1. Report in % the part of the accessible area of the chain that belongs to carbon and sulfur, leaving out ligands and nucleic acids; probe 1.4 Å.
2. Output ³J(HN,Hα) for region 3-17: one whole-Hz value per residue in order, computed from phi by the Karplus curve 6.51 cos²θ - 1.76 cosθ + 1.60 with θ = phi - 60°, and x for Gly and Pro.
3. Sum -39500 (n - 2.57) across every DSSP H segment of at least 4 residues in the chain, then divide by the residue count to get the 222 nm mean residue ellipticity, nearest 500.
4. Of (1) 107; (2) 76; (3) 85, which is the value of volume of the Cα convex hull per residue in Å³ derived from the coordinates here?
5. Tell me which aspartates and glutamates have Cα within less than 17 Å of LYS13's Cα, excluding those fewer than 8 residues away on the same chain?
6. Over the chain, give the accessible area per residue in Å² for a 1.4 Å probe, as an integer.
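The values are calculated or read from the model by the stated rules, or taken from the named source; none is laboratory data. Note that the structure is a prediction, hence the values are computed from the model and not measured. Only protein heavy atoms, including side chains, enter the accessible area calculation; ligands, DNA and RNA are left aside. Shrake-Rupley method; radii C 1.70, N 1.55, O 1.52, S 1.80 Å.
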Amino acid sequence: MPEILGIKLSNLKSEEALKKIKEDNFLLILLDIKMRGLSGMQVLEEMRKLGFKNNVVMMTAYGTIENAV
């Protein structure tokens, strides 16, 4: 896993990301709305169902008014 300024970075498919979130403690999670497998919104929903309260930033290169609001 690459590390920049003491920060570990991961680039994972949605299912792998959920598994990793369950295993480790993250201060910040960046999710793309359009991910391979589950969408970023589905990952966030699953995290909340499991009780995780991590800080999450949602982003995407596929902007629409529906996604922005």
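1. Values: 3060 of 5480 Å².
The C+S portion of the solvent-accessible surface of the chain is 56 percent.
2. With coefficients 6.51, -1.76 and 1.60, one gets 9, 10, 6, x, 9, 7, 10, 9, 10, 10, 5, 4, 5, 5, 4 Hz.
3. Values: 3 runs with 24 residues, N = 69.
That comes out to -9500 deg cm²/dmol.
4. Entry (1).
5. In chain and number order, the partners are GLU23, ASP24, ASP32, GLU45, GLU46.
6. Numbers: 5480 Å² over 69 residues.
Heavy-atom accessible area per residue stands at 79 Å².
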